[in-house]
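Peer 1: Submitted below is the structure of interest, expressed as structure tokens.
The values are calculated or read from the model by the stated rules, or taken from the named source; none is laboratory data. Here the structure is a predicted model, which is why all the values come from computation and not from measurement. Neighbour counts run over all protein chains shown; Cβ positions are idealised from the backbone, glycine included.
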Amino acid sequence: MMYITKTKEYIKNSDIKGEKALDKSIRLDLDEKERMSRIAKALSAETRIDIIRLLYGKSYNINEIAEQLKLPQSSAATHVKVLEEAGLIETELVPAVRGSMKVCRRAADSIEFLMKTDLEEDAEIIHMPIGNYVDYYVEPTCGIVSEKGYIDEEDEPRCFYNPARTGAKLLWFGKGYVEYRFSNHLLTNRQLKGMEISMELCSEDHEYNLDYPSDITLWINGLEAGTWTCPSDFGGRRGRLNPSWWPDKNTQFGVLKTWRFTKEGTFLDEAPVSSLPIEAYQLESNGYISVKLGIKPDARHAGGINLFGSSFGDYQQDIRMKLVF
């Protein structure tokens, strides 16, 4: 079944124990049955709703949640796990007097359920594995991993030529770009209305670093299609899909970003980033659509890129292109 996750994510400064909070709206349709079911389960208990209310504008550890809501500590931990699996709260391990403690904060500001599916519109979705790039230039830090382990050497740019790269589920680089080419045969004799390209991304430092911005740019057929300033190389809690061998100190998850191309212009999530309409990208001019992701040489925040595939991070997808007719 083909489907696409539609999320809107914004970065804002918030005084939540001195951290930068991610304010996120979740938008789901009926093709996302599994995630919709997890969210419905999480909201089916009044106690879990009380936890979400408690976390509005503040973050608490599990002991504090149990104390505030007069719950056994074990029950609070169980409820937190359900909410975290649904993507409604985020947790982070921070140092404590003895060992570490799990601090919780809200991850979703609003949820919208669309009672329709992608099958109800004339749309096609192409899935591109992140290891199927056709060109690249990278500088350290850099590397590629599959679901089972590292592909070649870490911090060695030539490892990006390794034939095993097609099995990549996470790749990262400090400077440079990767380029993908999508077939445009679906455009033949059809009226294209719009296009979406989505992927899970974050900055890249040697280990995870919550204060490490990066200006990540997308190009379509050589034309700049907008830059997203990612605030962090995200970590502090495990990515929901990460294999058990992946170290906690490394990058853990990213943000799902969607570039949208319409007759009105180019958008990053819901924000306009270019006045170029979809026609300007000349998607039918070659035998393919070039999608290039990288850091511009003159970027103000040259903080690298982590690009997540279907077995790492929080979202079970590679790069997805949606064509709407």
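Peer 1: Helices (runs of 4 or more DSSP H) wholly in the range 41-110 with at least 1 residues that are modelled with pLDDT of 90 or more and in contact with a strand residue (DSSP E or B) (Cβ under 6 Å, 6 or more places away or on another chain) - which ones?
Peer 2: 62-69, 73-85
Peer 1: Within the range 299-322, how many residues are part of a strand (DSSP E or B), more than 19 Å from Glu32 (Cα to Cα) and of a type in the set (A, V, I, L, M, F, W, C)?
Peer 2: Residues meeting the conditions: 3.
Peer 1: Related question: Any residue that is assigned to a strand (DSSP E or B) and over 15 Å from Glu196 (Cβ atoms) - is there at least one of those in the range 247-260?
Peer 2: yes
Peer 1: Looking at the range 189-205, which of the residues that are polar (S, T, N, Q) and touching a residue at least 12 places away in the same chain (Cβ under 8 Å) is farthest from Gly174 (Cα to Cα)?
Peer 2: Checked the range 189-205; the qualifying residue farthest from Gly174 (Cα to Cα) is Gln191.
Peer 1: Can you go through Arg181, Arg165 and tell me which one is over 23 Å from Leu268 (Cβ atoms), modelled with pLDDT of 95 or more and of a type outside the set (Gly, Ala, Ser)?
Peer 2: Arg165
For (1) in the same structural domain as Ile305 (by TED's automatic domain parsing); (2) in contact with a helix residue (DSSP H, G or I) (Cβ under 7 Å, 6 or more places away or on another chain), each residue gets a yes or a no:
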position: Tyr60; (1), (2): no, yes
position: Leu83; (1), (2): no, yes
position: Ser100; (1), (2): no, no
position: Cys104; (1), (2): no, yes
position: Tyr133; (1), (2): yes, no
position: Tyr137; (1), (2): yes, no
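Peer 1: Report yes if some residue within the range 9-18 is modelled with pLDDT of 75 or more and of a type in the set (Asp, Glu); otherwise report no.
Peer 2: No: the range 9-18 contains no residue that is modelled with pLDDT of 75 or more and of a type in the set (Asp, Glu).
Peer 1: Which one is nearest to Thr91 (Cα to Cα) among residues in the range 227-280 that are of a type in the set (Asp, Glu) and either surrounded by fewer than 18 Cβ atoms within 10 Å (Cβ to Cβ) or at pLDDT 95 or above (or both)?
Peer 2: Asp248
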